[in-house]
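Below is one structure, written out as structure tokens; comments come after it.
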Amino acid sequence: MSKKVLIIGTGLGALSTALRLSRRGYQIEMVDKYHKPGGRLNLLEKDGFKWDLAPTFFSMSYEFDELMKDAGMKKPFSFIELDPLYAVHFEGDQKKYLIYKNLDKLEAEFEKLEPGFKRRMEKFLDKTGKIFHDTENIIIKKNFNSLVHYLLSMSKVPWKHAPGMVTNMWDELGKHFSSFEVKVIFSLVGFFLGSTPFDTPAVFTLLTYTELKHDGYYNVEGGMYKIVEGLVNELKARGVTFHFNVEITDYYTEHAVLKGFIDQHGNKWEADRFVVNADAAAFRGKMFSREKYTEEKLDNLHWTMAPLTIYLGVKGKLDSLYHHNYFLRRNFKEYASRIFKNSIGLDKPYYYLNIPSVHNADYAPEGHESLFILCPVPDLRYKSNWDDAEQIADGIITDLSQRIDFDIHSSIVSKTVLSPIQWEKMFNLYKGSGLGLAHDLNQVGYFRPSNQDEVFPNLFYVGASTTPGTGLPMVVISSKLVTERILKYDGVIS
């Protein structure tokens, strides 16, 4: 008789794990607090408009190919490669910088700011590419059974990369480029993924390699939610059952063995194995009251930014803007180093603008656009009151209107603003942190919360706050790693 697995949550990590396990004969049942599958990879529909709720593009697309092969299925969605990748707008600068993968085109964008840009970037990509390939299979795509195991694996990484563990991303960029604009633009990958380039280890400059040379960035034909729809349809065809509006609030054991969980209505959910697609640290603290994960200790960890998100449906077309746009100012170091701890005002914030209707016409009625604005803000540890969310959002809309010479306020047909409080409530994000635990050296690899529980060995974790880390491709890799854990626990692999 096949073993039953209860998966709590239906985010990308959960769906990917369900596919891998179902192919291996496990019986899968899934529950979710939210009213539809996908977790943060979700879809908002309102007033005839659509918006990708959170993730709007991704890299390392080949990890989806690996998932399809391992799950024994054809990819039920199509990717759109982005070129240029994104546009960057600095306050007071009439020029917008288009970030191309083609280095000749990219050099033309910076020819007046960074003499010898192509040569400098080629040298930078060569270095970051070696970091990526020297760590991908040794560190990123590997489970660790002990600290010794982790240190032995780390010892296989060439020592030439060691300085990148103790210096930060900004300083590393400064070794290769002199212009403020270039350094800011190529550190955005860290800033908008939840940390700052002044706090992120230099080794994560490897992300520039993945975006410019190794794979690039992608969107999905028909919108990002097509990923979820395709995976869910395949799982339903395999007999996987889904239950929504189910919030897990308690658990029960039998002879010290985890037997099941209890939802908000007192219903019991039993299984042989359990997979939690929620924050691996916060879940341990909230559900099991683990000493290592008390609120005080969780608060002392380094969490990624909280999101303030704005979803607008506007009348008119914004043909001068690209699909993905960053709007920045000139006080980058001061802003980035202070924003996450709420020590600088949000009257002139940095923000990201996505226009999904550029690639997907059905996201907005004819003659309209759907706009998604993401502003990284302090989490609820540092700013607990968000009564001013609408005011901050209106300030961003005013700023954007001025910078693109288009009166957005008078063109709004639909408007939704989600504060960190709402994000916390929707998806149980710890203190509203948008992407879970950050990637400090003491929060990666073995030091990240394990994907197998330390008390109940039949309980496993998948997602952004366990190994290997945050981001859509990392979560797909996480599903592979947790599947290996389960198969090893069941004696299927040694």
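The values are calculated or read from the model by the stated rules, or taken from the named source; none is laboratory data. Computed from a predicted model, the values in this text were never measured in an experiment. We place every Cβ from the backbone using ideal geometry, glycine too, and count neighbours over all the protein chains shown.
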Looking only at segment 310-350, and only at residues there that are hydroxyl-bearing (Ser, Thr, Tyr) and either modelled with pLDDT under 95 or more than 18 Å from Ser401 (Cβ to Cβ) (or both), the one that is surrounded by the most Cβ atoms within 10 Å (Cβ to Cβ): Tyr350
Where Val31 falls short, out of the listed (1) part of a loop (DSSP other than H, G, I, E, B); (2) over 19 Å from Met224 (Cβ atoms): (1)
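Take residues that are touching a residue at least 60 places away in the same chain (Cβ under 8 Å) and tell me which of the helices (runs of 4 or more DSSP H) falling wholly in segment 145-191 contain 3 or more. Show your work before the answer.
Details: elements: 147-154, 163-166, 169-176, 180-185, 188-191.
Fully inside segment 145-191 and qualifying: 147-154, 180-185.
Can you find, within segment 89-105, the residue that is farthest from the chain's Cα centre (by Cα) among those that are among the hydrophobic types (A, V, I, L, M, F, W, C) and under 15 Å from Val184 (Cα atoms)?
Kept after step one, since they are among the hydrophobic types (A, V, I, L, M, F, W, C), are these residues of segment 89-105: 90, 98-99, 103.
This time we only want the ones that are under 15 Å from Val184 (Cα atoms), so: 90, 98-99.
Details: Phe90: 24, Leu98: 23, Ile99: 21 Å.
The residue in question is Phe90.
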Segment 24-41 residues that are more than 17 Å from Glu484 (Cα to Cα), paired with ones that are of a type in the set (Gly, Ala, Ser) and surrounded by fewer than 23 Cβ atoms within 10 Å (Cβ to Cβ) (beta carbon under 9 Å, 6 or more apart): Glu29/Ala271; Gly39/Ala54; Arg40/Ala54; Leu41/Ala54
Criterion (under 25 Å from Glu136 (Cα atoms), touching a helix residue (DSSP H, G or I) at 6+ places or on another chain (Cβ under 9 Å) and part of a helix (DSSP H, G or I)) met by exactly one of Ser478, Ser465: Ser478
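Could you tell me whether any residue of segment 410-420 is more than 30 Å from Lys341 (Cβ to Cβ), at pLDDT 95 or above and not small (Gly, Ala, Ser)? Outline the logic, then answer.
The first filter runs over segment 410-420 and keeps only residues more than 30 Å from Lys341 (Cβ to Cβ), leaving 410-414.
Okay, now just the ones that are also at pLDDT 95 or above, so 410-414.
Now narrow it down to the ones that are not small (Gly, Ala, Ser): 412-413.
Yes, because at least one residue in segment 410-420 is more than 30 Å from Lys341 (Cβ to Cβ), at pLDDT 95 or above and not small (Gly, Ala, Ser).
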Flag if Asp379 is in a loop (DSSP other than H, G, I, E, B), crowded, with 23+ Cβ neighbours inside 10 Å and outside the structural domain of Ala256 (by TED's automatic domain parsing): yes
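Farther than 30 Å from Leu346 by Cα and either assigned by TED's automatic domain parsing to the domain that holds His35 or in contact with a strand residue (DSSP E or B) (Cβ under 8 Å, 6 or more places away or on another chain) (or both): does that describe Pro473? It would help to see each step written out before you state the result.
Numbers: farther than 30 Å from Leu346 by Cα: yes; either assigned by TED's automatic domain parsing to the domain that holds His35 or in contact with a strand residue (DSSP E or B) (Cβ under 8 Å, 6 or more places away or on another chain) (or both): yes.
Spelling it out, Pro473 is indeed farther than 30 Å from Leu346 by Cα and either assigned by TED's automatic domain parsing to the domain that holds His35 or in contact with a strand residue (DSSP E or B) (Cβ under 8 Å, 6 or more places away or on another chain) (or both).
Within segment 332-373, count every residue that is of a type in the set (Asp, Glu) and part of a helix (DSSP H, G or I).
Step one: list which residues in segment 332-373 are of a type in the set (Asp, Glu), which gives 334, 347, 362, 366, 369.
This time we only want the ones that are part of a helix (DSSP H, G or I), so: 334, 362.
Looking only at that region, the number is 2.
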Residue within segment 48-65 that is more than 15 Å from the chain's Cα centre (by Cα), assigned to a loop (DSSP other than H, G, I, E, B), in contact (Cβ under 8 Å) with a residue 12 or more places away in the chain and not assigned by TED's automatic domain parsing to the domain that holds Val228 present: yes
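Quick grid of which residues meet (1) modelled with pLDDT of 95 or more; (2) of a type outside the set (Gly, Ala, Ser); (3) part of a helix (DSSP H, G or I):
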{"position": "Leu193", "(1), (2), (3)": "no, yes, no"}
{"position": "Phe204", "(1), (2), (3)": "no, yes, yes"}
{"position": "Lys226", "(1), (2), (3)": "yes, yes, yes"}
{"position": "Leu231", "(1), (2), (3)": "yes, yes, yes"}
{"position": "Thr249", "(1), (2), (3)": "yes, yes, no"}
{"position": "Trp269", "(1), (2), (3)": "yes, yes, no"}
Subset tally (residues that are part of a helix (DSSP H, G or I), without any contact (Cβ under 8 Å) to a residue 60 or more places away in the chain and more than 30 Å from Gly463 (Cβ to Cβ)) for segment 403-431: 2
Residue among Asn458, Asn428 that alone is surrounded by fewer than 24 Cβ atoms within 10 Å (Cβ to Cβ) and at positive phi: Asn428
So Val246, is it closer than 30 Å to Arg23 by Cβ, crowded, with 21+ Cβ neighbours inside 10 Å and touching a residue at least 40 places away in the same chain (Cβ under 8 Å): no
Thr304, sole failed condition from (1) out of contact with any Phe, Trp or Tyr (no Cβ under 8 Å at 6 or more places or on another chain); (2) surrounded by fewer than 21 Cβ atoms within 10 Å (Cβ to Cβ): (2)
Qualifying residue in segment 81-101 (condition: part of a strand (DSSP E or B), surrounded by 16 or more Cβ atoms within 10 Å (Cβ to Cβ), touching a residue at least 60 places away in the same chain (Cβ under 8 Å) and touching a Pro at 6+ places or on another chain (Cβ under 6 Å)): yes
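Listed here are the residues, each with its yes/no results for (1) out of contact with any strand residue (DSSP E or B) (no Cβ under 9 Å at 6 or more places or on another chain); (2) closer than 30 Å to Lys488 by Cα.
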{"residue": "Asp126", "(1), (2)": "yes, no"}
{"residue": "Ser146", "(1), (2)": "yes, yes"}
{"residue": "His149", "(1), (2)": "yes, yes"}
{"residue": "Leu152", "(1), (2)": "yes, yes"}
{"residue": "Pro158", "(1), (2)": "yes, yes"}
{"residue": "Met165", "(1), (2)": "no, no"}
{"residue": "Leu173", "(1), (2)": "yes, no"}
{"residue": "Val184", "(1), (2)": "no, no"}
{"residue": "Thr200", "(1), (2)": "no, no"}
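Take Asp394 and tell me if it is over 14 Å from Asn325 (Cβ atoms), among the acidic types (Asp, Glu) and buried (at least 21 other Cβ atoms within 10 Å of the Cβ). Show your work before the answer.
On the way: over 14 Å from Asn325 (Cβ atoms): yes; among the acidic types (Asp, Glu): yes; buried (at least 21 other Cβ atoms within 10 Å of the Cβ): no.
It is false that Asp394 is over 14 Å from Asn325 (Cβ atoms), among the acidic types (Asp, Glu) and buried (at least 21 other Cβ atoms within 10 Å of the Cβ).
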Filtered residues of segment 432-448 (kept if of a type outside the set (Phe, Trp, Tyr), more than 15 Å from the chain's Cα centre (by Cα) and either over 21 Å from Met165 (Cβ atoms) or part of a helix (DSSP H, G or I) (or both)): Leu441, Asn442, Gln443, Gly445
Within segment 1-26, considering residues that are among the polar types (S, T, N, Q) and touching a helix residue (DSSP H, G or I) at 6+ places or on another chain (Cβ under 9 Å), the one surrounded by the most Cβ atoms within 10 Å (Cβ to Cβ): Thr17
Per-region count, segment 102-128, residues among the polar types (S, T, N, Q) and in a loop (DSSP other than H, G, I, E, B): 1
